[in-house]
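Working notes, beginning with the structure itself.
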């Protein structure tokens with residue numbers, strides 16, 4: 001092989017390696033920038049106290065609580081629905097049937113819808129349509145209670161957004177249950193549901209866990225879908241019922257850094273809030289990776 | 001010797017995977033409390049036939065069955081027959097042992113639990129009985145909580161046998177149960193089969209002719225989806241009637 | 001000796017309630033996803049429809065007293081509702097009832113977006129151009145980086161490194177877009193401004209670079225999957241003929257994975273086009289027309305995000321925003337569909353030896 005060729009080869013590999021390095025470097029750059037910026041402001045008090053002095057001091061406790069409530073409600077609504085859909089697709093549906101293909105198509109489409117469009121849907125469907133309907137039924141159309149943005153509509157909207165993630169994770173886990181176990185169960189005279197309940201589901205719990213973690217990670221960070229379905233910048237108290245609004249970490253950063261009265265003075269708080277959000281995301285993604293690899297280790301037994 | 005009764009009567013069975021015909025006009029009577037071995041080269045339909053005796057072929061798409069399979073007085077392919085109940089009476093052991101990722105106890109107790117047995121004492125009794133009948137009790141009795149997957153290959157297969165016995169079937173279908181095992185484990189399985197035939201009717205698929213000769217009372221030779229010849233084992237291996245049988249036995253092909 | 005014989009009664013078909021209930025329930029829930037996508041389609045288009053089907057709307061009186069005013073924003077503490085951090089347009093908050101302007105085709109295709117004013121202008125063009133500018137820029141920056149990195153990961157890196165690289169870069173995918181937007185707003189914008197001596201601090205360039213950060217993982221993941229799924233026998237054949245690793249990668253693996261790489265870029269494009277938070281924070285939010293990259297822009301998604309909170313339910317502005325949403329939906333849907341067809345059809349054909 002000529003020297004020229006060998007050099008060219010090294011050049012090619014070098015360029016590719018450089019690109020990879022650049023990407024990883026960017027990751028580090030952003031992370032360290034955020035951490036450095038927020039380091040001074042972070043403290044236990046910061047995390048546990050409410051904003052004060054017109055949002056220029058104090059902590060972000062309500063935003064943390066709001067975020068937690070949001071993802072909790074979102075998971076309660078979305079994870080079972082997603083897991084059951086995945087169960088249907090792998091165990092009950094005839095793979096070639098129109099229904100199965102339609103549902104898969106729907107899931108793929110859902111995965112590609114921009115998050116702001118989900119927000120529009122949340123507004124047009126949940127707040128307007130369902131909310132007005134509920135008000136009409138419950139209060140004879142007199143009160144305006146449910147036809148407003150609140151944490152319920154926001155979490156349902158988020159549940160829809162994260163549905164594909166849950167479905168994909170759970171389906172992957174279900175597919176990994178070996179066919180021979182199902183055969184063994186059926187040959188013993190178990191029904192299809194008994195087989196699912198006793199063999200398939202216990203062996204795919206990790207998929208449900210992974211799906212939940214990934215969904216929560218997205219749910220905690222996405223802001224666009226909740227912009228007009230329930231989030232608020234400042235609330236005097238924590239959300240106490242489903243019809244309350246709520247604060248959220250990501251939204252807090254957005255508003256504070258673009259529209260608050262004293263953008264520069266609150267920079268520290270902005271950085272700190274971003275840091276909390278980022279670290280939370282890291283933690284969740286990391287856990288998902290661990291769950292996945294633990295299972296892979298088990299399966300190789 | 002009392003008149004041998006027929007437990008499973010197959011009457012002109014034809015099976016199709018889509019357009020391809022896998023079984024052609026199979027007619028054979030399986031004797032009760034005897035061991036019947038199904039032999040033949042790869043792809044000849046013996047496993048397919050075995051699976052049609054407990055309707056496991058139903059799980060495959062595109063399968064079509066013509067003909068009858070009578071177990072005692074019932075055509076198991078009748079529309080009125082409940083497949084789940086059928087499989088409780090006809091047990092199956094698979095080629096590669098497939099214990100559940102649960103404890104030894106839970107593996108064997110799986111069947112009875114599915115059938116609604118909840119009483120702990122009763123379950124323990126069934127588990128012990130089944131493990132004893134499968135000649136595994138002595139080896140696991142000290143640690144029933146051990147995972148089924150932690151046993152050796154031969155032990156796992158006997159666990160699967162115990163698991164099948166726990167639902168109290170009348171017939172045991174075995175699809176090459178010892179093909180993945182070493183000679184010692186194989187010998188244990190063969191011994192077990194001999195002991196089991198007193199209580200159960202056993203049909204075993206094997207590609208190992210010597211095993212068939214050792215273990216079975218009746219041997220049926222399958223070739224390309226057809227049943228060529230079925231007779232007492234001794235006769236098949238010494239004076240077979242059909243030429244194809246003889247050629248297979250003597251190793252001319254297969 | 002087994003005495004019991006099987007009879008028809010013992011094996012008679014049983015109706016199992018649990019089984020039935022389980023099946024019906026599970027099937028029912030599964031239809032939820034299908035229902036969801038249909039619903040989204042219906043509602044987004046329903047709210048956009050008035051624009052599409054009523055071309056000449058009457059310019060009604062500005063104040064409609066009986067109409068109940070519902071807004072979805074909430075009071076910000078602080079001055080007004082300045083949506084732009086710096087520079088150009090300031091939308092003035094209107095306390096009176098909703099605006100009813102003419103959302104005619106002519107208006108929609110005009111070059112001015114000024115929905116809140118005496119004579120509302122709903123020109124979508126500046127917004128569309130804004131979206132395109134930022135998206136193209138993002139793809140231009142992200143694609144080479146992501147593809148080269150994917151090439152490195154799948155063809156050149158040792159196994160242990162691959163196990164580290166893939167999750168690390170996928171971690172970048174997990175960055176909430178708010179975080180990227182924040183970083184762009186605070187740090188990146190200043191960096192670029194001092195580097196290039198830009199007039200406006202927040203502009204399309206900043207938005208594009210920031211968006212690239214979000215798009216890289218998308219393109220990377222799909223491209224890497226595509227490269228890694230080239231059958232081993234192809235690469236082994238090449239190596240067996242005496243080619244080096246890099247020659248195999250460039251002349252065998254990469255060409256074979258072109259459909260997948262192309263699809264990766266399409267998917268990245270779709271992702272960038274629909275992204276909201278990054279552009280909301282980093283582009284300056286001024287609905288200008290022009291091809292310059294160093295001026296502020298307003299994308300379609302950011303417009304929805306910024307203005308929906310202050311719009312009156314049911315008026316023209318509201319419907320036009322939904323129209324923007326419908327366009328976004330259709331656009332990304334088409335991109336995704338094309339990408340998927342492309343991957344499946346072309347790839348399959350290639351490996352069966354049918355297509356070029």
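The values are calculated or read from the model by the stated rules, or taken from the named source; none is laboratory data. Note that the coordinates shown come from a computational prediction; the quantities given were computed from them, not determined experimentally. Neighbour counts run over all protein chains shown; Cβ positions are idealised from the backbone, glycine included.
So here's what we get for this one:
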item	result
Selection status of residue A:216, more than 7 Å from every other protein chain (Cβ to nearest Cβ), at pLDDT 90 or above, out of contact with any strand residue (DSSP E or B) (no Cβ under 9 Å at 6 or more places or on another chain) and not in a loop (DSSP other than H, G, I, E, B)	yes
Some residue of region A:72-94 being under 19 Å from residue A:225 (Cβ atoms), more than 10 Å from chain C (Cβ to nearest Cβ) and over 13 Å from the mean Cα position of the chain (by Cα)	no
Residue list for region A:33-44, restricted to those being part of a helix (DSSP H, G or I), loosely packed, with under 14 Cβ neighbours inside 10 Å and away from every other protein chain (no Cβ under 11 Å)	A:39, A:44
Residue check, residue B:220 crowded, with 18+ Cβ neighbours inside 10 Å, touching a residue at least 24 places away in the same chain (Cβ under 8 Å) and within 19 Å of residue B:42 (Cβ to Cβ)	yes
Conditions (1) surrounded by fewer than 19 Cβ atoms within 10 Å (Cβ to Cβ); (2) part of a helix (DSSP H, G or I); (3) within 12 Å of another protein chain (Cβ to nearest Cβ); number of the one not met by residue A:138	(3)
Top-ranked residue in region B:17-43 [being outside any strand (DSSP E or B) and under 17 Å from the mean Cα position of the chain (by Cα); ranked as surrounded by the most Cβ atoms within 10 Å (Cβ to Cβ)]	B:40
Selection within region B:89-118 - over 19 Å from residue A:191 (Cβ atoms) and outside any helix (DSSP H, G or I)	B:93, B:94, B:95, B:96, B:97, B:99, B:101, B:103
Residue C:283 being buried (at least 23 other Cβ atoms within 10 Å of the Cβ), in contact (Cβ under 8 Å) with a residue 40 or more places away in the chain and touching a strand residue (DSSP E or B) at 6+ places or on another chain (Cβ under 6 Å)	yes
Residue B:159, sole failed condition from (1) within 27 Å of residue B:205 (Cβ to Cβ); (2) over 17 Å from the mean Cα position of the chain (by Cα); (3) crowded, with 20+ Cβ neighbours inside 10 Å	(2)
Sole exception among (1) part of a helix (DSSP H, G or I); (2) surrounded by 24 or more Cβ atoms within 10 Å (Cβ to Cβ); (3) modelled with pLDDT under 90 for residue C:337, by number	(2)
Single match in C:172, C:151 (criterion: at pLDDT below 90, surrounded by 18 or more Cβ atoms within 10 Å (Cβ to Cβ), facing chain A (nearest Cβ under 10 Å) and touching a helix residue (DSSP H, G or I) at 6+ places or on another chain (Cβ under 9 Å))	C:172
Condition broken by residue A:279, with the remaining ones in (1) surrounded by 24 or more Cβ atoms within 10 Å (Cβ to Cβ); (2) within 16 Å of residue C:178 (Cα to Cα) satisfied	(1)
Of residues in region A:251-279 being under 17 Å from the mean Cα position of the chain (by Cα) and more than 9 Å from every other protein chain (Cβ to nearest Cβ), the one farthest from residue A:228 (Cα to Cα)	A:279
Answer from A:89, A:120, A:110 - the residue that is surrounded by fewer than 22 Cβ atoms within 10 Å (Cβ to Cβ) and under 25 Å from residue A:168 (Cα atoms)	A:110
Qualifying residue in region A:132-151 (condition: at pLDDT 90 or above, closer than 27 Å to residue A:248 by Cα and in contact with a helix residue (DSSP H, G or I) (Cβ under 7 Å, 6 or more places away or on another chain))	yes
Failed condition for residue B:172, given (1) in contact with a strand residue (DSSP E or B) (Cβ under 7 Å, 6 or more places away or on another chain); (2) in a loop (DSSP other than H, G, I, E, B)	(2)
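For (1) closer than 17 Å to residue C:7 by Cβ; (2) more than 9 Å from chain A (Cβ to nearest Cβ), each residue gets a yes or a no:
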site: B:65; (1), (2): no, yes
site: B:75; (1), (2): yes, yes
site: B:79; (1), (2): yes, yes
site: B:82; (1), (2): yes, yes
site: B:90; (1), (2): yes, no
site: B:94; (1), (2): no, no
